[in-house]
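So the structure is just underneath, and the comments pick up after that.
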Amino acid sequence: MEARAMSESRTIQTKLVLPPDTNHMESIFGGKVLAYIDEVAGISAMKHARRHVVVTASIDSVDFLSSAKVGDVLELEANVTSTGRTSMEVYVRVKSINLETAEERLTTESFLTLVAIGDNGKPTAVPPVYPETDGEKLFFESAPARREYRKNRVKTPR
């Protein structure tokens with residue numbers, strides 16, 4: 001299977017923060033942001049795998065760094081940073097933009113693992129991914145450490 005560039009999976013979505021998406025302080029609900037993250041990660045994984053069906057296997061971390069308020073715009077960017085045999089690690093970056101001041105803030109960062117599903121309903125192979133830019137190389141080269149962390153976390157008794 002021929003490797004694909006990280007840039008082929010890049011997906012950008014823009015969302016407007018509306019009153020029903022927020023709490024009584026007019027800050028967006030974290031669960032709403034998580035839903036957006038899951039959606040954009042899924043699309044990124046579908047583009048890489050060239051499959052219509054992918055499932056979220058895990059969300060490694062979600063770091064809420066700042067909040068977004070009613071009227072802000074959220075810009076979500078996702079791309080596949082690493083692959084296994086059937087799985088894809090996807091990095092999602094969310095920034096909020098205040099339309100009145102043009103201030104941009106990093107709102108959330110997250111890593112997710114998604115698995116491609118074949119026509120038979122079982123996990124199916126995905127192509128390897130390769131980086132092209134220096135920033136992509138940092139994500140690609142640090143992926144084995146994140147994979148090892150995930151493996152160790154799953155083995156921990158609960």
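Within the accessible area of the chain, the carbon and sulfur atoms contribute 54%, probe 1.4 Å, all protein chains present. Taking the longest Cα principal axis of the chain as reference, the axis of helix 134-155 is set at about 80 degrees. Debye-formula intensities of the stretch 1-75, expressed as log10 I(q)/I(0) at q = 0.19, 0.21, 0.23 Å⁻¹, are -0.87, -0.98, -1.08 (one equal scatterer per alpha-carbon, no solvent).
Once both axes come from the Cα atoms, what is the angle between helix 30-49 and the longest principal axis of the chain, in degrees from 0 to 90, rounded to 10? Here the helix axis deviates by roughly 40 degrees. In the chain, a dipole from Cβ-located charges (positive for Lys and Arg, negative for Asp and Glu) runs towards its positive end, and of A143, V115, T133 it is V115 whose Cα lies farthest in that direction. In the context of the full set of protein chains, residues of the chain present 55 Å² of accessible surface per residue (probe radius 1.4 Å, heavy atoms only).
With 20 Å as the limit on Cα-Cα distance, the pairs of K47/K122; K32/K95; K47/K69; K69/K95 that go past it are K47/K69. Applying the Kirkwood pairwise sum to the alpha-carbon positions of the chain produces a hydrodynamic radius of 16.4 angstrom. Only helices enter this figure: runs of n ≥ 4 DSSP H residues, each worth -39500 (n - 2.57), summed and divided by the residues of the chain, yield -9000 deg cm²/dmol at 222 nm to the nearest 500. Within the full protein context, the accessible area of F29 is estimated at about 100 Å² for a probe radius of 1.4 Å.
The values are calculated or read from the model by the stated rules, or taken from the named source; none is laboratory data. Everything quoted here is computed from the prediction, not taken from an experiment. Please note: Cβ atoms are built from the backbone with ideal geometry, for glycine as well, and neighbour counts cover all protein chains shown. With ligands, DNA and RNA removed, areas are computed over all heavy atoms of the protein, side chains included. Shrake-Rupley method; radii C 1.70, N 1.55, O 1.52, S 1.80 Å.
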